[in-house]
Ligand SMILES: [Zn+2]
Ligand SMILES: [Zn+2]
């Protein structure tokens, strides 16, 4: 039985196979009905010129306001460098126990770190990031169980250390 509904809204250009495979993983992990959509936002409004980055808090607020509602969870996908005032950068962000999250592929590609691009690795990292942020919208906090997708990640290497799945305890909170 499908227990919830999730919208994945792209605000950047992503290959269809990229978003489709993320959606399939999300559907499986949350036992949810997942809709893939495209969203349009003038993200220049969220650009912080001195930092040359985009304001995560404001983008999250805007996705919540214009693309989200109480009936389901919504995650916006971006491909820009996001930050919040207390951190140098973020991979994504969510309202804990709320309805809305955002995630960015910007810092997840090998090319960003001077290495050869690896589509499968980028897809895997983005899938983990999307599942992680959506997990927060289900009220999950960071988890210390080895391999759990709810482990916190500061660097891409941290993302590579975890799986795309919830540990059994976290899973219980999202698929009840
Ligand atoms: Zn987190
Ligand atoms: Zn866990």
**Q.** In nm, spacing of pseudo-spin labels at residue 20 and residue 71 (7 Å Cα→C-beta vector)
**A.** 2.6 nm
Q. How far apart, in nm, are two points set 7 Å out from the Cα along the Cα-to-Cβ line at residue 48 and at residue 142?
A. 1.9 nm
(Q) Of all beta bridges DSSP finds with both residues in the range 70-176, what is the antiparallel percent, to the nearest 5? (A) 50 percent
Q) Arranged by the count of other C-beta atoms within 10 angstrom, fewest first, what order do 5, 153 take? A) 5, 153
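Treat the count of other C-beta atoms within 10 Å as a stand-in for reagent exposure and order 34, 80 from fewest to most. Present the calculation step by step, with values, prior to reporting the outcome.
Numbers: 34 24, 80 16.
Starting with the residue having the fewest Cβ neighbours, the order is 80, 34.
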Q. Just the Cα atoms of the chain, one point each, no solvent: what log10 I(q)/I(0) does Debye give at q = 0.09, 0.13, 0.19, 0.20 Å⁻¹?
A. -0.27, -0.58, -1.34, -1.50
Q. Each label point is 7 Å from the Cα along the Cα-to-Cβ direction; what then is the distance between the points at residue 96 and residue 61, in nm?
A. 2.0 nm
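Sort 159, 43 so that the residue with the fewest other Cβ atoms within 10 Å of its own Cβ comes first and the one with the most comes last. Walk me through the numbers on the way to the answer.
On the way: 159 22, 43 17.
Neighbour counts put them in this order, fewest first: 43, 159.
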Q. What ranking, highest mean first, results for peptides 129-142, 18-31, 46-59 when packing means the other Cβ atoms within 10 Å averaged over each residue?
A. 129-142, 18-31, 46-59
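Here, each number is a calculation from the coordinates, and none is a lab measurement. Only a predicted model underlies this, so the values are computations on that prediction, with no experimental measurement involved. Cβ sites come from the backbone with ideal geometry, for glycine too, and all protein chains shown count toward neighbours.
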